[in-house]
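Here is the structure we will look at, set down as structure tokens.
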Amino acid sequence: MTPGNDALRARDLAVLWHPTTQMKDHEWLPLLPVKRGEGVWLEDFEGGRYIDAISSWWVNLFGHANPHISEAVARQARELEHVILAGVTHEGAVRLAEKLVEITPKGLDRVFYADSGSGAVEIALKMSFHYWLNQGETGRRRFVTLTHSYHGETLGTLAVGDAGLFKEAYEPLLMESLFAPSPDCTGLDPADWDAHAAVKLEELEAVLAAHAGEVCAVIIEPLVQCAGGMRMHPPSWLKGLRDACDRHGVHLIADEIAVGFGRTGSMFACDQAGITPDFMCLSKGLTGGYLPMSAVMATEAVYQAFYDEYTSLRGFLHSHSYTGNALACAAALATLELFEAEDWHARNRRTAALMREAVAGLEDHPHVGDIRQTGMILAMEMVADREPMTPWDWRERRGIRVYEHALANGVLLRPIGNVVYFLPPYVIGESEIAQMAEVAAAGIDRACRPS
Ligand SMILES: *Cc1c(COP(=O)(O)O)cnc(C)c1O
């Protein structure tokens, strides 16, 4: 017997504790029970269908139950599911590492696997700190990060993030980061982004200058600070930042966990600035949204700083149980094959333009303060007032009203506070874009009425 939606909801609430959720909300906000997925669509237990407009939180690239990736994972499962990666190797881990070295910016020649985005960021932070230690630089123990940044929710990654409510309670447990202002261009005309970013870069450089000799690395989300509210900046800022890190002698960690694999219009966001960071963190889209996996790309110079006799204690002694999981490697390799089979960047440029046209009607909406876009990420910010841009009080939770309206009309949106955004699987089609935009526009209009 197939359970209906309500039956599964009740069983869920009796045993599960959901991520990033005040569980009491589910007294009035129903869970969405998903039975199956296909392409951009999710289907519940009673035939209800929903467009996954957020790629199941930014992980899915080529649709749910993608035949090519599913087949690759099934084939791999029949041969080898997992094997320890310490002292052992397997073909998938090697082939994927070779591929990643090939497609990431020139100079990132070493791959360290982990199993989540947070895990990858923790590794990059530890590697950077330990690199300097191995150079005899014991005074370097701080990281420079940006306002509005997000790098995960473990203690180390929370410490280098500006995750507001998600961080507040844990402050007493966290190492202290140095904060520089985000180059966030919200509310600005794209023609003014470069000038704005240049000013913010000077402020970041002042932080580096004030803390000379103390800083291990600057950590950033290139082009789009996603969880912080889809805040965008131009490639010129990245270029300037790479240069600043070189001049001040600190590492640059590019967290491409959300923006990597084509999301911003190029394979990696750093490609648009033509820069190579010292570390690049990858996850989310890496396996096409199939399996938890992450990777830290590092330069040969970093790798060599750890390469020595065991007893020198310079090695990087870090591991996770599922490091280099064979099923995840198979999913990632199949995902990269899809990139090679078709020019998805060209297709995404068309899709991105269609998404932008589809929300043009919101440009004059009295409660839409900004519409911004970088590649396949389009964000619309709901405001109490446009001139000057005044945010809604977060306690009013206007975003949830959009979420409820969208779900009732066949679209899974999940606004970040007052920012409604599209970040769909690349396989989304024209009519699906039209439905997604129409539902979002109506949802925004409803959510912004007086409460
Ligand atoms: C999602 C995300 C992370 C954390 O990844 P998890 O797999 O959720 O631990 C880190 N950085 C960025 C930029 C992200 O978007």
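The values are calculated or read from the model by the stated rules, or taken from the named source; none is laboratory data. All values derive from a computational prediction rather than experimental measurement. Virtual Cβ from ideal backbone geometry, glycine too; neighbours counted across all protein chains shown.
Numbers for the structure displayed
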| item | result |
| --- | --- |
| Sole residue being in the same structural domain as GLU300 (by TED's automatic domain parsing), under 26 Å from the mean Cα position of the chain (by Cα) and not hydroxyl-bearing (Ser, Thr, Tyr), chosen from VAL94, VAL83 | VAL94 |
| Residue among SER236, SER283 that alone is hydroxyl-bearing (Ser, Thr, Tyr) and within 29 Å of ARG95 (Cα to Cα) | SER283 |
| Qualifying residue in the range 167-182 (condition: touching a His at 6+ places or on another chain (Cβ under 6 Å), away from the ligand (no atom under 16 Å from the Cβ) and closer than 24 Å to VAL420 by Cα) | no |
| Unique match (being part of a loop (DSSP other than H, G, I, E, B) and under 30 Å from VAL368 (Cα atoms)) among ALA227, ALA195, ALA191 | ALA227 |
| Selection count, the range 266-291, where residues are closer than 16 Å to HIS345 by Cα, in contact with a Pro (Cβ under 8 Å, 6 or more places away or on another chain) and not acidic (Asp, Glu) | 4 |
| Qualifying residue in the range 118-132 (condition: assigned by TED's automatic domain parsing to the domain that holds GLY315, acidic (Asp, Glu), within 19 Å of LEU204 (Cβ to Cβ) and surrounded by 20 or more Cβ atoms within 10 Å (Cβ to Cβ)) | no |
| Leading residue by the ranking (surrounded by the fewest Cβ atoms within 10 Å (Cβ to Cβ)) among those in the range 36-77 that are in contact with a strand residue (DSSP E or B) (Cβ under 6 Å, 6 or more places away or on another chain) and of a type in the set (A, V, I, L, M, F, W, C) | ALA65 |
| GLY249, sole failed condition from (1) farther than 29 Å from ALA210 by Cβ; (2) more than 15 Å from the ligand (Cβ to nearest atom); (3) of a type in the set (Gly, Ala, Ser) | (1) |
| Subset of the range 74-129 that is within 22 Å of GLY262 (Cβ to Cβ) and among the β-branched types (Val, Ile, Thr) - its residue that is nearest to the ligand (Cβ to nearest atom) | VAL121 |
| Qualifying residue in the range 364-381 (condition: of a type in the set (A, V, I, L, M), under 30 Å from ALA74 (Cβ atoms) and part of a loop (DSSP other than H, G, I, E, B)) | yes |
| Some residue of the range 345-352 being in a helix (DSSP H, G or I), hydrophobic (A, V, I, L, M, F, W, C) and closer than 21 Å to VAL259 by Cβ | yes |
| Residue check, GLU432 acidic (Asp, Glu) and buried (at least 18 other Cβ atoms within 10 Å of the Cβ) | yes |
| Of all residues making up the range 276-299, the number that are more than 13 Å from the ligand (Cβ to nearest atom), surrounded by 24 or more Cβ atoms within 10 Å (Cβ to Cβ) and assigned to a loop (DSSP other than H, G, I, E, B) | 4 |
| Residue match in the range 42-52 (condition: at pLDDT 95 or above, in a loop (DSSP other than H, G, I, E, B) and of a type in the set (D, E, K, R)) | yes |
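Results for (1) closer than 30 Å to CYS216 by Cβ; (2) modelled with pLDDT under 95; (3) assigned by TED's automatic domain parsing to the domain that holds PRO222, shown as yes or no for each residue.
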site: GLN272; (1), (2), (3): yes, no, yes
site: CYS281; (1), (2), (3): yes, no, yes
site: GLU309; (1), (2), (3): yes, no, yes
site: SER321; (1), (2), (3): yes, no, yes
site: LEU336; (1), (2), (3): no, no, yes
site: ALA358; (1), (2), (3): no, no, no
